[in-house]
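To start, the structure itself, in structure tokens.
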Amino acid sequence: MKINCIGRKLAVWSKEEIIDYLKDNLKESRYIHTMGVVQCAIKLAELNNIDPKRAEIAALIHDAAKYMDIEKQKKIIKDHGYDIDEVMEESPQLLHGFTASILGKDMMGIEDEELLSSVRYHTTGKKIMTTLEKIIYIADYIEPNRNFPGVEDLRKITFDNLDEGVLQGLSNSIIYVVKNGDMIHPLSLDARNYLISQKNKSIL
């Protein structure tokens, strides 16, 4: 249990408290999206032998900082020892995963580091992702309210094989970023390259 600056134990928020926070701090459309991610993450967790309660909490908080002021997010992130790289400076919409993981720990009392990491990297992915990290990354992408060409195929791929779904999601995201003329975050390239290398090794 985390101890705060005056020596009191920081109580872990209940699911209901987290939901109340989301209702107060997210637009309705983003709240609906979040609950879709929760639904998808729980199903994927059950399929992939991950505690669905951990997936549920990670999914609930993944966008908790989505509408926080960017400068405030930068301060929070820097105050917690993280560097804000060039790509995140250019694409500040990537920051909210880092901010949400900090809120999860410092405000909500969550100490599960893998859970927090899955929130931190849900926008970019990263090299050597854990199963929970993969679940939150792709659940954000394919939750039931998402509607874009190919999403049904991607859902089928993901529920058949999580790694294949994450790989396809990363590939799609990178193509989208390139077409928009934006910078690709190196973490996304690392994530995709690692999955491809692991896939190639399994074929040999």
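The values are calculated or read from the model by the stated rules, or taken from the named source; none is laboratory data. These figures come from a predicted structure and were not determined experimentally. Positions of Cβ are backbone-derived with ideal geometry, glycine not excepted, and every protein chain shown enters the neighbour counts. Ligands, DNA and RNA are stripped out before the accessible areas are found, and what is left, the full protein with its side chains, is counted by its heavy atoms. Shrake-Rupley method; radii C 1.70, N 1.55, O 1.52, S 1.80 Å.
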Charge dipole of the chain about the Cα centre (unit charges at C-beta), most positive-ward option of I32, I184, L167: L167
Solvent-accessible area, 1.4 Å probe, carbon plus sulfur percent, for the stretch 45-204: 50
Going Cα to Cα from K23, which aspartates and glutamates come in below 20 Å? Please leave out same-chain ones fewer than 8 positions away. E56, D63, D69, D106, D140, E143
Using θ = phi - 60° and Karplus 6.51 cos²θ - 1.76 cosθ + 1.60, couplings along the stretch 49-56 (whole Hz; Gly, Pro as x): 6, 10, 4, x, 5, 5, 5, 4
The size of the Cβ-based charge dipole (Lys, Arg +1; Asp, Glu -1) of the stretch 105-184 about the Cα centre, to the nearest 20 debye, is 300
Relative contact order, percent, the stretch 113-204 [alpha-carbon distance under 8 Å, six or more residues apart]: 31
Want the number for V12 to N147: 0.36 nm per residue separation, take away the alpha-carbon distance, what's left? 45.1 nm
Report, ordered by chain and residue number, the lysines lying within cross-link reach of K53, taken as a straight Cα distance under 16 Å and ignoring same-chain residues fewer than 8 apart. K15, K43, K134
So, with +1 on the Cβ of K and R and -1 on the Cβ of D and E, and no other charges, what is the size of the charge dipole of the stretch 1-120 about its Cα centre, to the nearest 20 debye? 340
What is the dipole size for the chain, taken about its Cα centre, with +1 at each Lys and Arg Cβ and -1 at each Asp and Glu Cβ, in debye to the nearest 20? 160
Could you tell me the center-to-center distance, by alpha carbons, between the stretch 18-93 and the stretch 105-165 in angstrom? 11
Karplus-derived 3J(HN,Hα) from phi for the stretch 181-190 (6.51 cos²θ - 1.76 cosθ + 1.60, θ = phi - 60°), whole Hz, x at Gly and Pro, runs x, 9, 7, 8, 6, x, 4, 5, 5, 4
Could you give the Stokes-Einstein D for the stretch 87-138 in µm² per second, using the C-alpha Kirkwood radius, 20 °C, 1.002 mPa s? 192
Estimated FRET transfer efficiency when R0 is 25 angstrom, pair V178-D69 (beta carbons, to 0.05): 0.30
Taking a probe of 1.4 Å and leaving out DNA, RNA and ligands, the stretch 1-148 shows per residue an accessible area in Å² of 50
